[in-house]
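Input: a single structure, listed below in structure tokens.
The values are calculated or read from the model by the stated rules, or taken from the named source; none is laboratory data. Predicted model only: the values in this text are computed from it and were never measured. Please note: Cβ atoms are built from the backbone with ideal geometry, for glycine as well, and neighbour counts cover all protein chains shown.
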Amino acid sequence: MTSIWEATAQRPEGPVRTLHGDLRADVAVIGGGMAGMLCAHMLTQAGARCAVLEGKRAGLGVTANTTAKVTAQHGLIYDSIVKREGPERARLYYEVNQAAVEGYRALAERVPCDFEERTAYVYAQGSTASIERERAAYERLGIPHHVLDHAPVPVQNNGALGMEGQAQFNPLKLLFGLMPSIEVYEDAFVTDVEGNTAHTAQGSVTADYIVYATHYPLVNVPGLYFMKLHQERSYVLALEGAQPVDGMFVSDGGGYSFRTYGDALLVGGGGCRTGEGPGPDQGYAQLRRYVGEAYPGAAERYAWATQDCMSLDGMPYVGVHQRSHPNRYVATGFSKWGMTGSYVAARAICDLIVRGRSDVQGLLSPQRSMLSPSLFSNLGVSAANIVKPGRRCTHLGCCLAHNDQEDSWDCPCHGSRFDAEGEVLEGPAKRPIKPESR
Ligand code: FES
């Protein structure tokens with residue numbers, strides 16, 4: 001399935017740059033998605049020699065499959081940050097994410113990427129209590145907002161909370177536009193990191209700093225990221241001939257999302273934990289049934305699925321990967337808000353490397369407390385699936401489930417996916433399914 005971004009963005013002309021032999025750089029960034037490319041862009045601008053190692057093609061992993069909402073809204077997160085971390089940290093979270101919106105705005109002035117300012121809304125599908133609490137948090141934190149009595153989307157709802165000054169764009173137009181100024185090596189799948197050296201089958205990069213920007217960190221130990229992350233899939237249809245919406249809308253309860261791109265309406269939904277669906281009432285099946293009823297005259301032009309890394313508390317993990325290796329950094333756990341998350345992570349890691357400190361090193365520290373109900377949920381899923389009989393995942397051996405709608409084998413434990421031939425579609429697994437376990 002091809003996303004509307006892949007179909008409409010033009011990759012820079014010229015041959016693919018591949019790695020041959022060993023090279024030295026100041027920083028090796030592993031992963032050529034939005035987080036890695038922005039990080040490399042910022043570091044290069046700061047005067048560092050930065051080499052990006054991308055296992056396949058830059059931008060064509062998770063970034064190609066986002067819905068590309070550029071917003072600090074992040075669902076209903078501010079009330080919970082205020083309660084958990086206090087208002088100062090909640091305000092900081094807003095400020096750095098709003099700075100990311102402004103950062104994209106500035107980049108879009110140089111790189112045409114269909115950047116458009118929009119209000120981001122969360123609509124209430126049932127009770128408005130959560131929206132009311134979130135609105136109170138916005139007022140306390142001074143976040144510009146307004147409330148709608150009814151969100152203008154074809155879903156029963158009881159109003160919406162809008163965060164003003166947000167945006168939408170085409171992420172691949174931006175990423176491809178930045179690419180010529182970045183030293184990016186493709187087909188450079190990193191198999192291992194030893195000391196200061198990242199190894200691929202074609203060569204290696206030795207650098208003072210290593211940045212893991214691989215969506216899901218490729219190292220299990222140290223770090224234990226597999227305990228504090230799980231992955232979710234959700235599905236998107238681009239419709240032609242559907243009533244447009246004025247703004248970007250998400251539900252407060254796992255319902256449908258809406259935004260426009262040009263004449264197209266993008267409708268998202270049908271999500272599930274990777275490896276636990278999609279069932280017949282989820283995924284593309286659910287989404288197509290819904291748009292058939294809500295937009296009977298519309299035609300489907302593109303369909304694609306997103307894969308999101310979910311942190312334990314809804315905030316990304318950005319900073320030192322593990323204290324025993326202070327020159328290795330990580331950016332992950334964007335929890336469905338990968339555009340602003342990528343920018344915030346790139347800015348923070350650039351600051352840590354160049355200035356030795358970042359404004360968010362406490363707030364987003366990957367070493368922050370793991371105590372949360374989500375941790376026990378993750379451990380429970382792993383415990384159940386490690387003993388279940390069936391085909392085994394090559395990451396840590398959990399039982400895979402067949403995803404009938406996408407014809408893939410998906411892992412409920414940490415979200416690896418394999419195609420029908422057993423090749424890896426999504427990590428953290430690095431090796432295909434062994435023939436004897438198929
Ligand atoms: Fe970790 Fe499958 S993704 S065991």
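What are the residues in region 388-403 that are more than 8 Å from the ligand (Cβ to nearest atom) and either without any contact (Cβ under 8 Å) to a residue 12 or more places away in the chain or under 25 Å from Ser335 (Cβ atoms) (or both), if any?
Lys388, Pro389, Gly390, Ala401, His402, Asn403
Take residues that are touching a residue at least 40 places away in the same chain (Cβ under 8 Å) and within 16 Å of the ligand (Cβ to nearest atom) and tell me which of the strands (runs of 3 or more DSSP E) falling wholly in region 229-282 contain 1 or more. Full working, then the answer.
Numbers: elements: 229-240, 248-251, 257-261, 264-273.
By residue number, 229-240, 264-273.
Picking from Val236, Val318, Val291, which residue would you name as being among the β-branched types (Val, Ile, Thr) and in contact with a helix residue (DSSP H, G or I) (Cβ under 7 Å, 6 or more places away or on another chain)? Walk me through how you get there before you give the answer.
Working: Val236 fails: in contact with a helix residue (DSSP H, G or I) (Cβ under 7 Å, 6 or more places away or on another chain); Val291 fails: in contact with a helix residue (DSSP H, G or I) (Cβ under 7 Å, 6 or more places away or on another chain).
So the residue among Val236, Val318, Val291 that is among the β-branched types (Val, Ile, Thr) and in contact with a helix residue (DSSP H, G or I) (Cβ under 7 Å, 6 or more places away or on another chain) is Val318.
Let me spell it out: the conditions are (1) within 16 Å of the ligand (Cβ to nearest atom); (2) part of a helix (DSSP H, G or I), and Thr340 meets all of them except one. Which number is the exception?
All conditions pass for Thr340, except number (1).
In region 289-298, which residue that is crowded, with 16+ Cβ neighbours inside 10 Å and in contact (Cβ under 8 Å) with a residue 40 or more places away in the chain is nearest to His402 (Cα to Cα)? Reasoning before the result, please.
So the first thing to find is which residues in region 289-298 are crowded, with 16+ Cβ neighbours inside 10 Å, and the list is 290-291, 294-295, 298.
From the residues that got through so far, the ones that are in contact (Cβ under 8 Å) with a residue 40 or more places away in the chain too are 291, 294-295, 298.
On the way: Val291: 25, Ala294: 30, Tyr295: 31, Ala298: 31 Å.
Looking at residues that are crowded, with 16+ Cβ neighbours inside 10 Å and in contact (Cβ under 8 Å) with a residue 40 or more places away in the chain, I get Val291.
Residues to consider are Asp410, Asp351; find the one that is in contact with a Lys or Arg (Cβ under 7 Å, 6 or more places away or on another chain), at pLDDT 95 or above and away from the ligand (no atom under 11 Å from the Cβ). Steps first, answer last, please.
Numbers: Asp410 fails: away from the ligand (no atom under 11 Å from the Cβ).
Among Asp410, Asp351, only Asp351 is in contact with a Lys or Arg (Cβ under 7 Å, 6 or more places away or on another chain), at pLDDT 95 or above and away from the ligand (no atom under 11 Å from the Cβ).
Which of the residues spanning region 66-109 are more than 18 Å from Ala345 (Cβ to Cβ) and within 18 Å of the chain's Cα centre (by Cα)?
Passing the criteria: Thr67, Gly75, Leu76.
Return only the number of the condition from (1) surrounded by fewer than 21 Cβ atoms within 10 Å (Cβ to Cβ); (2) in a loop (DSSP other than H, G, I, E, B) that His402 does not satisfy.
(2)
Quick check: anything in region 363-378 at pLDDT below 95 and within 12 Å of the ligand (Cβ to nearest atom)?
yes
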